[in-house]
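The values are calculated or read from the model by the stated rules, or taken from the named source; none is laboratory data. These numbers were taken from a predicted model, which means no experiment stands behind them. Here the Cβ positions follow ideal geometry from the backbone for every residue, glycine too, while neighbour counts run over all protein chains shown. For accessibility, only protein heavy atoms count, side chains too; no ligands or nucleic acids. Shrake-Rupley method; radii C 1.70, N 1.55, O 1.52, S 1.80 Å.
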Amino acid sequence: MLNQSKKKLFFTTVAAASLFTVSPVCAANISLPVQPSESPVKNTLVQNTGANESFQQGLNFAAELNAARAEAAFRRVIQIDPNFAEAYANLGSILANQNKLAEALPNFQTAIRLKPNVPEFHYMLGQVLYAQNKMGDAVESIKKARDLFKSQGKTQEANSLDQVIKDMGK
């Protein structure tokens, strides 16, 4: 069983590298063709705008280290748009940082189900699995993140994860 200081070292080392940040994806930044006013797409975009506003609030609260308000904001995003993968990942991070690992896990799994090609989601899942002493699953998740980084041409990130895997002893 891994001791707490080794876990903290693992998380601190990764955080210090600051390679693995999740960039918000906002519907407002995506150009769409203009639709007639009676189009049902208009209502969907309004709904996504609310999700984006709440998501940005969650990011701001997280940056201020206000976990309770960040958690509430990300939960609100998920209520508005249950397909907002980044909201699940950020909620998972907030929960994991509060040592609510069992609650964090399904949020990362949902983020991955919605956007399976985001390496950061696999990496964050691996961190939670590692903290739960599920070494085999943690290594597999981190290897998936590494492979996705490689396939996206992000060699530095992939190489960093190779080192993380070696440090985990697998």
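All told, residue 109 falls short of being touching a residue at least 60 places away in the same chain (Cβ under 8 Å), in a helix (DSSP H, G or I) and open to solvent by 60 Å² or more (accessible area, probe 1.4 Å). Would a scan of segment 129-142 turn up a residue that is closer than 27 Å to residue 57 by Cβ and open to solvent by 30 Å² or more (accessible area, probe 1.4 Å)? No, segment 129-142 has no match at all.
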